[in-house]
1. Could you tell me the center-to-center distance, by alpha carbons, between the stretch A:105-171 and the stretch A:237-296 in angstrom?
2. Efficiency by 1/(1 + (r/R0)^6): what FRET value for residue A:137 and residue A:244, r their Cβ-Cβ distance, R0 = 60 Å, to the nearest 0.05?
3. Mind listing the phi-derived Karplus ³J(HN,Hα) values for the stretch A:185-198, rounded to whole Hz, using 6.51, -1.76 and 1.60 with θ = phi - 60°, and x for any glycine or proline?
4. What residue among B:47, B:186, B:217 shows peak mean-square fluctuation when chain B is described by a Gaussian network model with Cα springs under 10 Å?
5. For chain A, with a Gaussian network of springs between Cα atoms less than 10 Å apart, report the residue from A:168, A:270, A:285 with the top mean-square fluctuation.
6. Can you tell me how chain B classifies by the Cα gyration tensor, rounded, prolate or oblate, using a/c under 1.5 as the rounded cut?
7. Measuring from the axis that superposes chain A on chain B, report the chain A residue with the minimal C-beta distance, rounded to whole Å.
8. Who wins for biggest fluctuation among A:23, A:49, A:283 in a Gaussian network model of chain A, springs between alpha carbons below 10 Å?
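Every number here is computed from the coordinates shown, using simple stated rules; none is lab data. Computed from a predicted structure; not experimentally measured. Neighbour counts are summed over all protein chains in view; Cβ atoms, including those assigned to glycine, are modelled from backbone coordinates with ideal geometry.
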Number of protein chains: 2
Amino acid sequence: MPLTEYFKEIRREIDKTLGTLLPPENTYPAELHEAMRYSVFAGGKRLRPMLAISACDVIGGDRKAVFPFASALELVHTYTLIHDDLPALDNDDLRRGQPTSHKKFGESTAIMAGDALLTLAFEVMTNRSLFNNVSAETLIDVTSQTALAIGSTGTIGGQVVDLAKEEAEPDLAALEYIHTHKTGKLITVSVTGGATLAGAEKDQIDALTQYGKNIGLAFQIVDDILDVVGDEKSLGKDIGSDTAKGKMTYPSVLGMDESRKLAARLTDKALQSLEMFGDDSTPLADIAKYIIARNF
Amino acid sequence: MPLTEYFKEIRREIDKTLGTLLPPENTYPAELHEAMRYSVFAGGKRLRPMLAISACDVIGGDRKAVFPFASALELVHTYTLIHDDLPALDNDDLRRGQPTSHKKFGESTAIMAGDALLTLAFEVMTNRSLFNNVSAETLIDVTSQTALAIGSTGTIGGQVVDLAKEEAEPDLAALEYIHTHKTGKLITVSVTGGATLAGAEKDQIDALTQYGKNIGLAFQIVDDILDVVGDEKSLGKDIGSDTAKGKMTYPSVLGMDESRKLAARLTDKALQSLEMFGDDSTPLADIAKYIIARNF
């Protein structure tokens, strides 16, 4: 993220909110709570919370009404990382330069820490006392959209197909399914959910949905590219791990050049869909530009 | 369950609702959807849905407003079974007489099928179009209570401590924590959630909370007893598996006689808390009596 004061401030507030929402480490069962906090505070970029708050700002809404939702998105994201890293799935030892949850706490605790983070996310999203001036109708609508985005036809569906397609023949349709689902749907609902809580109108939601879909796919294409050409140290994970696992990636299906061009085209489309918002959309535009610019 | 026509009818309706709510097996990603359906339709007793509907009936509410919630409870329960059975947790090969999810579909699909069932449960609970005449306030309140009951200080907390206490010295406080959390909280919220959706008053909820807590603990004590003296075939799982794993159980801590007496005392207390409801509470009383009577 371009760490301007704008994003730094959001990040501080998100980390503070996450610290309050997560159960204290010294409360029973302590190891579970320690594992939940360990992964949430392992140095994530907080991309999804930043998107939710920036979407709130583009609508001119009250940030207080969005911070708990933005934090819940990070809880969901962290659960997906913990479960994806498990030996039965991607079998990764490192995440953000640190041992993954199952490496540090053992497999059973990692599975349950993931389960508990997912459950906590829904507990937060449905805890009305956390949401200033948001109607129950709006809150339940946003929670429902989030559940749909991360279920068997969303995030989890993408991960299942990703695993199933390891060592498979290159297949652009399958690759698109994987990326739009595994990463794209949660990113999109981060933007639209933040905007809905801020009181957005339908045409605004429609434009932000296009923005979210385009940056979501661009983000994942860039991730694939970085797995080939990135800098191990700054990524905090092994380079070449996609190739080693026989993962289907954009560079492997389209080639490196076409992948870069596609990511650039998607970013342009994302920026276009922000035009109706004028200058208020600078933070969202900055995020789109950051996604394409990181490290290549 | 005493399979009177009353319970048979609920069971038919629950299975029908579950069939509609679960993604069709032939939809993408098919293996995931197959795994979700496999475990949900592996022959569960539907205890939690029966409790929710019987609680609705004791209040005199509209069952249509409760069936989707009751079905979501079964989705949650099934997710906990799939994850508990995993090699890293209880490592069970059989459940209800059939291969467990990871035995049939592999570990990664089992983990994700569990995740997807949990997520679907929240999608169902927050899908307003499924709930006739229930206000958004009530629905979000019940969803929030459910999330709290099954999180790190509820179901998951109980399971974590259960695993941590394998081979530990007998400890009644730890044992009570395990059972009131691992099983008790979801059972209690099944009763109170069903009653809340049916429009229950606070004193009714209080009485039903006591009922739920008492049958929840009684249920688990009986489960422990059946693991020692039960009939393998009718249970559909291996007898003696708790002992083999060094699990802390009521018979191992209190002895068989005291465990039976405690289960009977808890059942009596549960029946007492139904007194204010008169004859309308017959189904809930039947469930309490069934819990204590099954197989010993």
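1. Using only Cα atoms to place each centre, the spacing works out to 23 Å.
2. Calculated value: 0.80.
3. 5, 5, 5, 5, 6, 4, 6, 5, x, x, 5, 4, 4, 7
4. Its mean-square fluctuation being the largest, the pick is B:47.
5. Judging by the Gaussian network model, the answer is A:168.
6. Oblate, since a/c reaches 1.5 and b/c is not below a/b.
7. A:136, 2
8. A:23
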